[in-house]
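Remarks on the structure that follows.
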Amino acid sequence: MRRVEDHPSRRAFLGAGATALAAGLAGCEPGVTRPEQRAAGVPPTGRHQAGVALPREAQPHLLVVVADVGDGVAVGPLLADLGAAVLDLAAGADARLLGLPPGDLTVTVGVGPRLVRAVDPALPGAADLPAFAHERVVPQARGGDLLVQLCAGDPVVLPVAAGALLARAGDRVRERWRQSGRRGSTVPVNQEVSAPRNVFGFVDGVVGPHTAERQERDLWLAGPGPVAGGTLAVLRRMELDLARFAALPVAAQEAVFGRRRDTSAPLSGGTVATDPDLNAKTPDGRYLIPADAHLRRAHSAAVGVGLMLRRSYSIDEPSPGLLFMSFQNDIRTFTSTLTRMENGDALLPFTTTTATATFLILPGFDRDHPLGAALFA
Ligand code: HEM
């Protein structure tokens, strides 16, 4: 069993080299995370919480729990307790893990707009997501005060760790909904990135802020101070109309996305690692990437926003689909993209969104800097 003290938490938290140190500990040099590296564990401390950019290749299993915080509950102490529980869980030092090795478990905690607004309505993360088309969302599955995202290579660890966290929170929180997800085997995109196929058979997660430089620009919040090092998460649980999509000829399926199904190359040519050329046309003047292709409608330059880090998981309960998850430092990256998709994305009519929420993912923490302390002092 690893002990809590094994984590060089203070050093990892303090500024320069923190990311490099964390990446080194996680065995996350550029390239695909190997199973033996996963087993080494992912440091829960640092400038950012784990489970967003680290591990570089998302673990195969996920459980998210969305909960509300009771009226009058002191949010600061609640988050501090949750953060302490996360450190114990990652170290295998929580009795409620029942001796299960945590392996590469990561726990990522976010707070919903209601709690952020109570601190300062001008903060990132203070706004609810608007309603969009193709939604069928019961009130219970819209919004929420608290996100706990758990990811691991071992699916059995997830509900047990979630149970430990909920027990630590006690009657201060009330669960709204939870969702399990999984990612299949991944396809290498380049030296740094690999991505899994979704239930439509297409590789999902190719384009994103995958370099440290892009992550500073588009993923992590630079400020204001209490949220610096955090990010904004969007969760959208979608049913996908598998029967109707599978009935399409492969070329029509590819036209929906704007990529080849087998190689994932954009329809404008090249390989999976090639940037799509939105201007490329056939000799008779038709776009190679159709006007309503998902790749074109969601393209960051066409939308005029930064890159979102998509880290979605496939689901089969309550019905086959996708738990879309994106992380970005400006909520407009998501809202403007989906708005542009609503105006003519061939993929959207195959989707029905049944849960939707956004959360401020709190900055990183350690034993000396409790989770959420900068925001909920
Ligand atoms: C909430 C709705 C969604 C948003 C905001 C969104 C966003 C994005 C973005 C920004 C890209 C990259 C486009 C580019 O710059 O080339 C993309 C690509 C892609 N999306 Fe989506 N997407 C959504 C829903 C879905 C759904 C429901 C699926 C699967 C059924 C999906 C599968 C893909 C695939 C396969 C690609 C191409 C490969 C890649 O770039 O990863 N997306 N999406």
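Can you tell me which of 310-321, 185-196, 126-137 comes out highest on packing, and rank the rest after it, using the mean Cβ neighbours within 10 Å?
In decreasing order of mean packing, 310-321, 185-196, 126-137 become 310-321, 185-196, 126-137.
What's the ranking of 349-361, 248-260 by average number of surrounding C-beta atoms within 10 Å, highest first?
Order by mean packing, descending: 349-361, 248-260.
What is the list of residues in region 325-355 whose amide nitrogen lies under 14 Å from a point 7 angstrom out from the Cα of residue 291, following Cα to Cβ?
From region 325-355, the list is 343-346.
Kyte-Doolittle mean at least 0.0 and Cα extent at least 30 Å along the axis: which DSSP H helices of the chain qualify?
Answer set is empty.
Answer with one residue from 305, 372, 347: the one whose Cα lies farthest towards the positive end of the charge dipole of region 297-373, charges on Cβ with Lys, Arg +1 and Asp, Glu -1.
305
Of 103, 59, 291, whose Cα points farthest to the positive end of the dipole of region 4-361 (charges on the beta-carbon: +1 Lys, Arg; -1 Asp, Glu; origin at the Cα centre)?
Final value for the positive-end residue is 291.
Would you be so kind as to identify which of 224, 89, 328 lies farthest towards the positive end of the dipole of the chain, taking Lys and Arg as +1 and Asp and Glu as -1 on Cβ and the Cα centre as origin?
My answer, from the dipole projection, is 328.
Any chance you could run the full-extension gain for residue 377 through residue 120? It's 0.36 nm times the residue separation minus the Cα-Cα distance, nm to one decimal.
The span from residue 377 to residue 120 would gain 91.2 nm if fully extended.
Note the full-extension length gain between residue 140 and residue 247 as 0.36 nm times their separation in residues minus their Cα-Cα distance, in nm to one decimal.
35.2 nm
Dipole size in debye (nearest 20) for region 4-361 around its Cα centre, Lys and Arg Cβ +1, Asp and Glu Cβ -1?
For this selection, approximately 380 debye.
When the helices in the chain are scored as -39500 (n - 2.57) per DSSP H run of 4 or longer and the sum is shared across all residues, what 222 nm value do you end up with, to the nearest 500 deg cm²/dmol?
Using -39500 (n - 2.57) per qualifying helix, the result is -6000 deg cm²/dmol.
Please express the Cα-Cα pair-distance distribution P(r) of the chain as a list of whole percents, one per 10 Å bin, running from 0 to the bin with the greatest distance.
Pair shares across the bins are 5, 24, 35, 24, 9, 2, 0.
How much length would be gained if the chain were fully extended between residue 213 and residue 273, taking 0.36 nm per residue of separation minus their Cα-Cα distance, in nm to one decimal?
Extra length from residue 213 to residue 273 when fully extended: 19.8 nm.
The numbers here are math on the coordinates, done by the rules we state, and not lab data. Keep in mind it's a predicted model, so treat the numbers as computed, not measured. With ideal geometry, Cβ positions are generated from the backbone for all residues, glycine too; neighbour counts draw on all protein chains shown.
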